[in-house]
Structures are given as C-alpha cells and as structure tokens.
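Here the structure is laid out as structure tokens; the discussion comes afterwards.
The values are calculated or read from the model by the stated rules, or taken from the named source; none is laboratory data. This is a predicted model, so every value here is computed, not measured. Counting neighbours? That spans all protein chains shown, and the Cβs are built from the backbone with ideal geometry, glycine included. Heavy atoms of the whole protein, side chains included, go into the accessibility calculation; ligands, DNA and RNA do not. Shrake-Rupley method; radii C 1.70, N 1.55, O 1.52, S 1.80 Å.
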Amino acid sequence: LVEKGDKADLDEAEARLRKAIELAPKSAFSYQQLGEVLERKGRLDEAIAWQRKAVEAAPSDPLAHSNLGV
C-alpha cells in the first residue's frame, strides 16, 4: 500500500484503512495493511494487534502469519 512515504502519506493511508475496516470489518487484507502502516509509523503494539486480527480473520493465509512474525 505505502512503500515509502512521509508522515502525511502514512497518516492518509491509516485513515483510509480504518475506513475500509469500518466498511468491511472482516477484511484480513485491510488488517494486514493497517498493521504495516502502523509498524512504519513506529506504533508496534498496535501493528501487532492488527496483524493478529489478520491471522484470526484468515488463519490459512501464510502472508498473515508472516506479517505477524515480522
């Protein structure tokens, strides 16, 4: 979603992903992406929590497990 970006880019990505989750609350992909954005923002505890939600939403998705491991 956001490879490299400044704080404003990451803030916008976070806001859009939170809205996406609000609209589709079981989207493992959105959980994964939000976790990645939060990790890039240095908010590791929140990032881990969202990656855990991704694993719960899609337990057979290897990317969800990989992102949580990272």
Starting from the Cα-Cα distance between residue 43 and residue 19, subtract it from 0.36 nm times their residue separation and give me the gain in nm to one decimal.
-> 6.8 nm
Starting from 0 in steps of 10 Å, tell me what percent of the Cα-Cα pairs of the chain lands in each bin.
-> 24, 55, 21, 0
Going by accessible area, probe 1.4 Å, with all protein chains left in place, what is the ranking of 6, 45, largest first?
-> 45, 6
So how much accessible area does residue 17 have, in Å² to the nearest 10, using a 1.4 Å probe?
-> 10 Å²
What angle, in degrees between 0 and 90 and rounded to the nearest 10, separates the Cα long axis of helix 7-23 from the longest principal axis of the Cα atoms of the chain?
-> 40 degrees
Counting each DSSP H run of 4 or more residues in the chain as -39500 (n - 2.57), what helix-only mean residue ellipticity at 222 nm follows after dividing by all residues, to the nearest 500 deg cm²/dmol?
-> -23500 deg cm²/dmol
Residue-normalised accessible area of the chain, expressed per residue, 1.4 Å probe, Å² | 66 Å²
Residues meeting the amide H criterion for residue 61 (H placed from the backbone, H to H distance under 5 Å, 5 or more places apart or on another chain) are none
In debye, nearest 20, what is the charge dipole magnitude of the chain about its Cα centre with +1 on Lys and Arg Cβ and -1 on Asp and Glu Cβ, if you could check?
-> 120 debye
Carbon plus sulfur fraction of accessible area for the chain, probe 1.4 Å, in percent = 56 percent
